[in-house]
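To keep things clear, I will list the structure first and then write my remarks on it.
Every number here is computed from the coordinates shown, using simple stated rules; none is lab data. From a predicted model like this one, the values you see are computed outputs, not experimental measurements. Because the Cβ atoms are built from the backbone with ideal geometry, glycine has one as well, and the counts that use them run over all protein chains shown.
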Amino acid sequence: MNNITKANILIEALPYIQKFSGSTVVIKYGGHAMVDRKLKEEVMLDILLLHSVGLRPVIVHGGGPEINSMLQRVGKESTFVQGLRITDKETMEIAAMVLVGKLNTEIVSLLNGFGGKAVGLSGQDACLFQAHKKPLQLENQDGSLEEIDLGYVGEIKKVAPGIIISLLDQGYIPVISPIAGSEDGESYNVNADTAAGILAGALKADKLLILTDVKGVLKNINDPASLISVIARDEVPSLISEGVIQGGMIPKVECAVEALQQGTGSVHIIDGRQSHAILLELFTDGGIGTMLV
């Protein structure tokens, strides 16, 4: 790449930098970008660049594969119901250890190592996320409903974003693990996509970015070139009924719609496997993922 090309890239980014300066951007960090060391560093550098040019990034991270790996190491099997891990007390302790003690610390260390000002939190800090046990009912063949006890899987019922606002105002980058507290003092593991969406709504964030392992919403799931660049929230029900939005993309899109309804400006589902995906989505004319508005 010659110097003229580099200069043109900066010029293309300039109006977006000017437009988004001062904006709060919640980033749900997960998928392959959390596993691959090179991608991990690129994501951190992207976030630091956002911070350096005046945006206010907030990170909510997942960690399912790391939890799975740790459970395997201690010889503990996982049982899933409708994609939700049944979480007993021991599993909850391991999940908290991995999410808060390991992954959160690693992300904060990387950001600070690159010259950032990151602060690690869990949803329990300053009562950021208050949750209760997530209810789940399954319909039996005879039509009766069976209550499933998921254990320490939580559903967020209250958000207190004051601690995040204070940190942002002081120039810090908050990094949040999806562990929530409860009124009875228990800890619950909550879905990171959901936590990011709820927090984005509570902060009235300008943007929510969801990093995943697909390009975005595709018209044809087998054709990467069929990416839908923009979706209006009122189009979502028909896209689900038509099977365009399906499988694991449904909860992500539903999370996006909820965030929009709560005051988030736009939601972007992007491929975290793409180098510098965050910058390409926010600071280029075409973007790379699906934006919901």
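Here r is the Cβ-Cβ distance between K133 and H276 and R0 is 35 Å; the resulting FRET efficiency, rounded to 0.05, is 0.30.
Here the Karplus curve 6.51 cos²θ - 1.76 cosθ + 1.60, taken at θ = phi - 60°, turns the phi angles of region 30-37 into couplings of x, x, 5, 5, 8, 9, 6, 4 Hz, with x standing for Gly and Pro. When you restrict to C-alpha pairs under 8 Å that are six or more residues apart and normalise by the size of region 17-292, the relative contact order lands at 22 percent. Volume of the convex hull of region 19-174 (Cα atoms only), normalised per residue: 145 Å³. In the elastic network of the chain, a GNM with C-alpha springs shorter than 10 Å, the most mobile of K117, K133, K89 is K89. Taking 10 °C and 1.306 mPa s as conditions, the chain diffuses translationally at an estimated 80 µm²/s according to Stokes-Einstein applied to its Kirkwood radius (Cα pairs). The largest-to-smallest principal axis extents of the Cα set in region 251-293 are 29, 20, 11 Å. Taking other Cβ atoms within 10 Å as a rough exposure proxy, R233, R37 sort from fewest to most as R37, R233. A simple charge model with +1 on the Cβ of Lys and Arg, -1 on the Cβ of Asp and Glu and nothing else charged puts the dipole of the chain at about 960 debye relative to its Cα centre.
Could you put T87, T264, T5 in order, starting from the residue whose Cβ has the fewest other Cβ atoms within 10 Å?
Details: T87 22, T264 26, T5 8.
Lowest count first: T5, T87, T264.
Among the listed pairs K38/K117; K6/K38; K76/K117; K157/K207, those whose Cα-Cα separation exceeds 28 Å are K76/K117. Taking 0.36 nm per residue of separation and subtracting the current Cα-Cα distance, fully stretching the chain between F80 and N220 would add 47.6 nm.
This ranking places F114, F80 by how few other beta-carbon atoms lie within 10 Å of each, fewest first, which gives F80, F114. Over all directions, the projected convex hull of the C-alpha atoms in region 148-293 averages 10.5 nm² in area.
Computed from the alpha carbon atoms alone, the convex hull of region 1-79 holds 118 Å³ per residue.
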